[in-house]
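Below you'll find the structure, written out as structure tokens, and then a few comments.
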Amino acid sequence: MKTAKEVGLDFVIGTDHDTIQPKLDGLEGYHNGVLLICGYEITPEINHYLAIGTDKLIPPSDNPQDYIDDVRESGGLGVIAHPHHIGIKRFGVDAFPWNDWSVNGYDAMSIWDLVNDWGENINGYVSGLQGLINPAGYISGPNPKTLHLWDELNRERLVAGIGELDNHNTHFKVFGIT
């Protein structure tokens, strides 16, 4: 939260896979003048979805419309997470894209996934090591396919866009270095 304050953020939304424990632990609220909002990521095999502003833990389902509706009915805000996630095969990170665009009722979508952006630019062990030493050198910005999709969706209705780190305390190991 110190860094969030230093860069001028008013709030941060923290999510992890299928848990509301940070909220139950009382972490939601102001820290150093920055609001921490605790949500969680509903994580079936594909079609991950961020649930924000609900105290109800909604289970994953094979049908994403089910959990989209459940988040909305519980008073939460729902966000389609990392729609064009390709994973980072070199580091054993699987792909978790969103592939069911027949759904409705979501409030926003991720238009930029920092870790996936970084991973798309890692193409071997040397660039992997360089990317760990200088991560900013391997970040190119939002995926053009995602931005195009977002534009198309906004022609139909308002869909807010967010950026996400999508780190989840991930540790990579390259040449024995973590």
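On the basis of being in a helix (DSSP H, G or I), crowded, with 18+ Cβ neighbours inside 10 Å, within 17 Å of the chain's Cα centre (by Cα) and among the hydrophobic types (A, V, I, L, M, F, W, C), does Ile68 make the cut? Write out each step before concluding.
On the way: in a helix (DSSP H, G or I): yes; crowded, with 18+ Cβ neighbours inside 10 Å: yes; within 17 Å of the chain's Cα centre (by Cα): yes; among the hydrophobic types (A, V, I, L, M, F, W, C): yes.
Yes: the conditions hold for Ile68.
Give the residues of region 48-94 that are under 20 Å from Thr146 (Cα atoms) and of a type in the set (Phe, Trp, Tyr), sorted by residue number.
If the condition is that a residue be under 20 Å from Thr146 (Cα atoms) and of a type in the set (Phe, Trp, Tyr), then Tyr49 is the only one that fits.
Considering Ile80, Ile58, which residue is among the hydrophobic types (A, V, I, L, M, F, W, C), modelled with pLDDT of 95 or more and farther than 30 Å from Asn123 by Cα?
Just one listed residue meets the conditions, Ile58.
Take Ile111 and decide whether it is surrounded by 15 or more Cβ atoms within 10 Å (Cβ to Cβ) and under 17 Å from Gly161 (Cβ atoms). It would help to see each step written out before you state the result.
Values: surrounded by 15 or more Cβ atoms within 10 Å (Cβ to Cβ): yes; under 17 Å from Gly161 (Cβ atoms): yes.
Yes: the conditions hold for Ile111.
Do you know which residues across region 80-117 are closer than 24 Å to Tyr138 by Cα, assigned to a loop (DSSP other than H, G, I, E, B) and of a type outside the set (A, V, I, L, M, F, W, C)?
Residues satisfying the conditions are His82, Pro83, His84, His85, Gly87, Gly92, Asp94, Pro97.
Restricting attention to region 78-85, does a residue exist that is among the hydrophobic types (A, V, I, L, M, F, W, C) and in contact (Cβ under 8 Å) with a residue 40 or more places away in the chain?
Checking region 78-85: at least one residue is among the hydrophobic types (A, V, I, L, M, F, W, C) and in contact (Cβ under 8 Å) with a residue 40 or more places away in the chain.
Would you check if Ile86 is among the hydrophobic types (A, V, I, L, M, F, W, C) and crowded, with 21+ Cβ neighbours inside 10 Å?
no
Cβ-Cβ below 8 Å, separation at least six or inter-chain, first residue in region 56-75 and within 12 Å of Ile42 (Cα to Cα), second basic (Lys, Arg) and part of a loop (DSSP other than H, G, I, E, B): which pairs?
If the second residue must be basic (Lys, Arg) and part of a loop (DSSP other than H, G, I, E, B), the pairs left are Asp70/Lys56.
Name the residues in region 111-167 that are under 22 Å from Asp94 (Cα atoms) and of a type in the set (Phe, Trp, Tyr), would you?
Trp112, Trp118, Tyr125, Tyr138
Does Gly161 meet the test of being small (Gly, Ala, Ser), within 24 Å of Val71 (Cβ to Cβ), without any contact (Cβ under 8 Å) to a residue 60 or more places away in the chain and assigned to a loop (DSSP other than H, G, I, E, B)?
no
The values are calculated or read from the model by the stated rules, or taken from the named source; none is laboratory data. Values in this document were obtained by computation on a predicted structure and should not be read as measured data. Glycine gets a Cβ as well: all are built from the backbone with ideal geometry, and neighbour counts include every protein chain shown.
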